[in-house]
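To start, the structure itself, in structure tokens.
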Amino acid sequence: MNIRVFVNYKKNVLDPQGEAVGRAMQSLNFPAHPHVRVGKTIEFTVDGQDTPEFRKTLDKLCNDLLSNPVIEDYRYEISQ
Amino acid sequence: MDMHVAVIQFPGSNCDQDAYHAFASVLKTPAKLVWHKDKTLGDARAVIVPGGFSFGDYLRCGAIARFSPAMQAVKEFAANGGKVMGICNGFQILCESGLLPGALIRNNCLEFRCQEQWLKVEDSTAHFNKETLGQRVNIPIAHGEGNYRIDEAGLAELEKNKQILFRYEENPNGSLCDIAGIRNKAGNVFGMMPHPERAVEPFHPSQHGVALLKAFLAE
């Protein structure tokens, strides 16, 4: 299975990096709203089947290592 | 080995020797460097998780160091009431480990700030208070991600339990409520972004770090 985990700051957490990127967009006259969020994508492959048990393990990995639940949210995509 | 202060070394730690020097040479307290792969802390009476860039700050600051074998020993040590202090990257590691509440994100100024920093001392414990340390201390900072964040309920808890140790006089990083250092509720785990181990020698900007490290060791 191919897994893609997307991690980004929670909505109410300030993202200074995103704000700087937003200001750069404006300086290029790109018509985006200045509220930009810079997150990260973590991609990996794993042997096995997409079962509820597997998703439980994956959620634990996301909460323990790949994201910090105090400041970040995550979601993932699983493809064969 | 006899009672000593254990300073944990991770790949990328760079304040481990300064912390060791501050205890061993300045405070004349036996100290020992503990490699992050070590599973035990020996006869440590206190633990320092030093500053630096453990594991290159990959993923998030402190995110990978928290899984090192030595950190499992530190967690056990703290759970049994042992004193632990995280400085700078060490503070980030303790937050990632869940030993301290909250998290540290990128400075709002987007700069790595390396400067002298005056801190307001808060009345927190029998040793971390204005009477012992004075109203204010000058302790250098050197970080890019020292912007302390916690949710409203968490902040209320910190205030209620007097868990805030220091606040910045002039906020260098956007930290919530100017928070520069905190402790856990039990009062045996401490974390701060400023570097007390860099304020112990006559050629340092101040020697206020000496009283601060003594407060940490005080019974």
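Read the figures in this text as sums done on the coordinates, not as results from a lab. Here the structure is a predicted model, which is why all the values come from computation and not from measurement. Note: ideal-geometry Cβ built from the backbone for every residue, glycine included; neighbour counts use all protein chains shown.
When only alpha carbons are used to place a centre, segment A:22-80 and segment B:101-164 end up 30 Å from one another. Which net charge results when you count Lys and Arg as +1 and Asp and Glu as -1 among the other residues whose beta-carbon is under 11 Å from that of B:GLU197? Around B:GLU197, the surrounding residues sum to -2.
Counting Cβ atoms of other protein chains within 10 Å of each Cβ in A:8-15 and taking the mean gives 3. Each eigenvalue of the Cα gyration tensor of segment B:53-116, multiplied by 5 and square-rooted, gives one semi-axis; in descending order these are 23, 13, 10 Å.
Counts of other chain beta carbons within 10 angstrom of each beta carbon in peptide A:61-71 average 5. The relative contact order of chain B comes to 19 percent, based on Cα pairs under 8 Å that sit 6 or more residues apart. Over all alpha-carbon pairs in segment A:2-79, figure out the percentage whose distance exceeds 15 Å. In whole percent, the long-distance tail amounts to 62. Positive contributions from Lys and Arg (+1) and negative ones from Asp and Glu (-1), summed over other residues with Cβ under 10 Å from the Cβ of B:VAL5, come out at +3.
Solvent-free Debye calculation, one equal scatterer per alpha-carbon of segment B:4-217: log10 I(q)/I(0) at 0.12, 0.15 Å⁻¹ equals -0.53, -0.88.
Once every DSSP H run of n ≥ 4 in chain A is given -39500 (n - 2.57) and the sum is divided by its residues, what mean residue ellipticity at 222 nm do you get, rounded to the nearest 500 deg cm²/dmol? Taking each H run of at least 4 residues, the total per residue is -8500 deg cm²/dmol.
For the peptide B:53-65, the mean number of other protein chain Cβ atoms found within 10 angstrom of a residue's Cβ is 2. Couplings for segment A:42-47, taken from phi via the Karplus curve 6.51 cos²θ - 1.76 cosθ + 1.60 with θ = phi - 60°, read 10, 10, 7, 10, 8, 7 Hz in order; Gly and Pro are left as x. Applying the Kirkwood pairwise sum to the alpha-carbon positions of segment B:139-202 produces a hydrodynamic radius of 12.5 angstrom. Rounded to the nearest 10 degrees, the angle from helix A:52-61 to the longest Cα principal axis of chain A is 50 degrees. Normalised by the number of residues in chain A, the mean separation of alpha-carbon contacts (under 8 Å, six or more apart) gives a relative contact order of 52 percent.
The tail of the calculated P(r) for the protein assembly as shown, taken as Cα-Cα distances beyond 25 Å, holds 50 percent of the pairs. Which one of B:PHE203, B:PHE77, B:PHE128 has the biggest mean-square fluctuation once chain B is modelled by GNM with Cα springs under 10 Å? Result: B:PHE203 has the largest fluctuation of those listed.
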